[in-house]
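What follows is a short report on a single structure.
The values are calculated or read from the model by the stated rules, or taken from the named source; none is laboratory data. The structure presented is a predicted model; accordingly, all values stated were derived computationally and were not measured. Heads up, the Cβs are rebuilt from the backbone with ideal geometry, glycines too, and the neighbour counts pull from every protein chain shown. Accessible surface areas use protein heavy atoms only, side chains included; no ligands, DNA or RNA. Shrake-Rupley method; radii C 1.70, N 1.55, O 1.52, S 1.80 Å.
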Amino acid sequence: NSQQSDATTQEQKDSLDSILKKQKQIKIFNELLVEADVVTTLQGQGPYTVLAPTDDAFKALPEGLLDTLKKPENKDNLRKLMQYHIVKGNLSAESLQNGQKLPTVNGQEIIIEISDGKTSFVDAKGNTALIKTADVAASNGTIHIITAVLLPQ
């Protein structure tokens, strides 16, 4: 049992960037962070709260959108999208309040909606993403794995 607590302590010392890479259900998110040059933000001091959509969430985007975003000429849009999934501050799921507005690294806000004990994030277009896995701890913040891709204005 003591080995397990050591592993937990060790994991919490890793930065958001390393811990995100260990999550198997968010491979696309990790690839896009690299493509958008946003990874360095997550290696920084923080603290940040990262809202990481699952691979299924990315696959649910309108057909062709992801490929379009990956084109070099759309790098700015991709960066804005990725920065929209990073909130300033270290926010645990239970600290979130209904109606709370969260400032993202890209300058726009995401709104918290709590209903029937479920917490979701509402993007600029009114889409909602539920928390699938909450409070994955890192040395410089927290990760919430979410069920949809949040789209900025």
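Brief remarks follow.
- Stokes-Einstein diffusion for the chain at 25 °C, viscosity 0.890 mPa s, with a Kirkwood radius from C-alpha pairs, works out to 157 µm²/s.
- Ranked by how many other beta carbons lie within 10 Å on average, peptides 41-48, 141-148 from highest: 141-148, 41-48
- Calculated SAXS-style log₁₀ I(q)/I(0) at q = 0.11, 0.26 Å⁻¹ - the range 39-104, Debye, Cα scatterers: -0.34, -1.19
- For the chain, the share of accessible area belonging to carbon and sulfur comes to 46 percent (1.4 Å probe, ligands and nucleic acids excluded).
- Assigned charges on the beta-carbon of Lys, Arg, Asp, Glu; the range 14-146 dipole about Cα centre (debye): 80
- The range 89-153 and the range 12-70 have Cα centres separated by 14 Å.
- The eigenvalues of the Cα gyration tensor, multiplied by 5 and square-rooted, give the range 86-153 an equivalent ellipsoid with semi-axes of 17, 15, 11 Å from largest to smallest.
- The chain, helix-only ellipticity at 222 nm - DSSP H runs n ≥ 4, -39,500 (n - 2.57), divided by all residues, nearest 500: -9000 deg cm²/dmol
- Summarising the strand pairing of the range 4-153, around 75 percent of its internal DSSP beta bridges are antiparallel.
- Accessible surface computed residue by residue for the chain, with neighbouring protein chains in place and a 1.4 Å probe, gives 53 Å² per residue.
- Net charge in the neighbourhood of Gln100 (other residues with Cβ under 10 Å of its Cβ; Lys, Arg +1, Asp, Glu -1) is -1.
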